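Have a look at the structure below, then the notes.
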Amino acid sequence: MAKIKIGLFGFGVVGQGIYQVIRKAKNANAKIVRICVRNPDKPRAVEVDRALLTTSADEILDDPNVNLVVEVIDDAEASYDIVKRALIRGIPVVSGNKAMLAHHLPELIEIQQSRHVALLYDASSCGSIPVIRNLEEYYDNDLLLEVKGILNGSSNYILSRVFDHQESYAAALKQAQELGFAESDPSFDIEGYDSLFKLVIITVHALGVYVAPERIFTYGISTIHEADIRYAREKGVKIKLVAQVVKVGEDSFTLFVMPEFVTPDKYIYSVDDEYNGVVIRGECYDRQFMFGKGAGSLPTASSILSDIMARLHDYRYEYKKRNYLRTPDYTTDITLKIYVRYRTTDVRSILRFERIHEQYTSDESNYLIGSISLAELIEKRQQLSGNDVFVANIPIFFLGSDR
Ligand code: HSE
């Protein structure tokens, strides 16, 4: 009998992928013994023994045979309920639910520590790329300066199709949904929230600090316009949706999610389609780059498998930086250089720029490039919504790096 007996919650795109990868991995020593679904009669691409299916979470949580809960359901609140109940009962959990984790990590860390039980979630951030475990284990010191990258496959897929294949934004979004990359509510992808949730989780493991999602400036790609694409092409750059957490001083860091003009010399310039790419910068090694599929059934399932296998060796996160290092403070008191395209919105009277570097007006659209504090952007975020405005970051240097 397998050593790890899994109670699986969710049998959608990722759940079915897990079922497949466990069967492929001959040395997995793990078996799915129960699957909790909302609707057992729903037709599914993967054939499964119906006796495994249940609609009752309790049936799994009360089953003494289950020694690992794997949770990949598409509902953050239900996921929170299941994960918390499992951990409190002492059952270790593997989860891929970034929205749930980003909102509840402090409490879930506390429960892990008080109950001596593990919660692993490498699949929550960047699909198949092992970002979390590497940040936790390899970068287990305070020399890390920055983690920056493309964390959302769907928005990257859309931007690639629009930029490189001249497809329409709407057609590209539909394809991302059909290919199973997009969230059930794709506004999470295109408004930047999916990247935000992943960034919150990454920051816990990169710097040991939890910052609640609502405190972080987040701007997506939903209002991108032909004029922005034309501007980027003329400058020889691409627009990518970039999430970053970066040390800006000895004891301070900042983080935000926003579209960015990316020049061809940057690693993430060549990260296209549903791929993710993460650049890690540190004091002693300059930059390292991790690249891979960030979305989709099997890539995400392979990351879940890796966490399942880690449980064979009783692996758990120690939250080393949180527990043993002096952690830096979050600041929004930094200056960014941004591009703002607008038509009728009075951007200059809404935003207090420290300096305007460039501006352009025409009958069709206007843009300006200016320096502005992150705190000001956070304060005015709501006024920058709507189709009339698009904001993009123009990278500047922090801590003397040439990035
Ligand atoms: N919707 C997410 C993405 C799925 O497109 O990246 C993987 O987290």
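The values are calculated or read from the model by the stated rules, or taken from the named source; none is laboratory data. Please read these numbers as outputs of a predicted model, since none were measured by experiment. Ideal geometry is used to build each Cβ from the backbone, glycine not excepted, and the neighbour counts take in all protein chains shown. These area figures cover heavy atoms from the full protein model, side chains too; ligands, DNA and RNA do not enter into them. Shrake-Rupley method; radii C 1.70, N 1.55, O 1.52, S 1.80 Å.
What's the whole-number percent of alpha carbon pairs in the chain lying beyond 39 angstrom?
Counting every Cα pair in the chain, those more than 39 Å apart make up 19 percent.
Pairing the Cα long axis of helix 98-115 with the longest principal axis of the chain, what angle in degrees results, from 0 to 90 and rounded to the nearest 10?
On a 0 to 90 degree scale, this one is about 50.
Using 0.36 nm per residue of separation minus the Cα-Cα distance, give me the extension gain between Glu59 and Met309 in nm, one decimal. Spell out each step's value before the answer.
Working: separation 250, 0.36 × 250 = 90.00 nm, distance 2.41 nm.
Here the answer is 87.6 nm.
Find the all-direction average of the projected area of the Cα convex hull for segment 280-343, expressing the result in square nanometres with one decimal place.
For the Cα atoms of segment 280-343, the hull's average projected area reads 9.4 nm².
Percent relative contact order of segment 1-110, based on C-alpha pairs within less than 8 angstrom and at least six residues apart?
Averaging sequence separation for qualifying contacts and normalising by length gives 28 percent for segment 1-110.
At a 1.4 Å probe radius, carbon and sulfur cover how many percent of the accessible area of the chain?
Its accessible area is 48 percent carbon and sulfur atoms.
Return the FRET efficiency for the residue pair Ile356, Asp185: r is the Cβ-Cβ distance, R0 is 25 Å, and the value is rounded to the nearest 0.05. If you can, show how the numbers build up before the last one.
Values: r = 37 Å, r/R0 = 1.47.
After rounding, the FRET efficiency stands at 0.10.
Which number comes out as Rg/Rh for segment 175-283 once both Rg and the Kirkwood Rh are worked out on C-alpha atoms? Walk me through the numbers on the way to the answer.
Values: Rg = 14.9 Å, Rh = 15.3 Å.
Looking at segment 175-283, the ratio lands at 0.98.
Just to confirm the number: angle between the C-alpha axis of helix 153-165 and the first principal axis of the chain, 0 to 90 degrees, nearest 10?
On a 0 to 90 degree scale, this one is about 50.
Testing the spin-label approximation: label points 7 Å from Cα along Cα→Cβ at Asn323 and Ile396. State their distance in nm.
Placing both labels 7 Å along Cα→Cβ, they lie 3.9 nm apart.
Mind ranking 353-360, 136-143, 94-101 by how tightly packed they are, going by the mean number of other C-beta atoms within 10 angstrom, highest first?
Final packing ranking: 94-101, 136-143, 353-360.
Relative contact order for the chain using alpha-carbon pairs under 8 Å, separation at least 6, rounded to a whole percent? Mind showing how you got there, number by number?
On the way: 822 pairs, mean separation 70.8, N = 403.
Reported relative contact order: 18 percent.
For the chain, give me the percentage of DSSP beta bridges that are antiparallel, rounded to the nearest 5 percent.
70 percent
With the Cα gyration tensor of segment 4-121 in hand, give its eigenvalues times 5 under a square root as the equivalent ellipsoid semi-axes, listed largest first in whole angstrom.
Ellipsoid half-lengths, sorted descending, are 23, 15, 14 Å.
Which value in deg cm²/dmol, rounded to the nearest 500, describes the helix-derived mean residue ellipticity at 222 nm for the chain, given -39,500 (n - 2.57) per DSSP H run of n ≥ 4 and division by the residue count?
The per-residue figure over the chain is -10000 deg cm²/dmol.
Would you please state the base-10 log of I(q)/I(0) at q = 0.19 1/Å for segment 60-202, with intensities from the Debye formula using one equal scatterer on every alpha carbon?
Log10 I(q)/I(0), no solvent term: -1.13.
Give the residues of segment 239-253 whose amide nitrogen is closer than 13 Å to a point set 7 Å from the Cα of Thr335 in the direction of its Cβ.
none
Give the peptides 34-42, 186-194, 120-128, 213-221 in descending order of average Cβ contacts within 10 Å, highest first.
The packing order, highest mean first, is 120-128, 186-194, 213-221, 34-42.
Per residue, how large is the accessible surface of the chain? Use a 1.4 angstrom probe and give square angstrom.
Spelled out: the 1.4 Å probe surface of the chain, per residue, equals 42 Å².
I'd like the orientation of helix 193-206 relative to the chain: the angle between its Cα long axis and the longest Cα principal axis, in ° from 0 to 90, rounded to 10.
Long axis of 193-206 versus the principal axis of the chain: about 70 degrees.
Of Lys266/Lys293; Lys3/Lys24; Lys3/Lys293; Lys198/Lys266; Lys235/Lys266; Lys240/Lys337, which ones are farther than 23 Å apart at the Cα?
Lys3/Lys293
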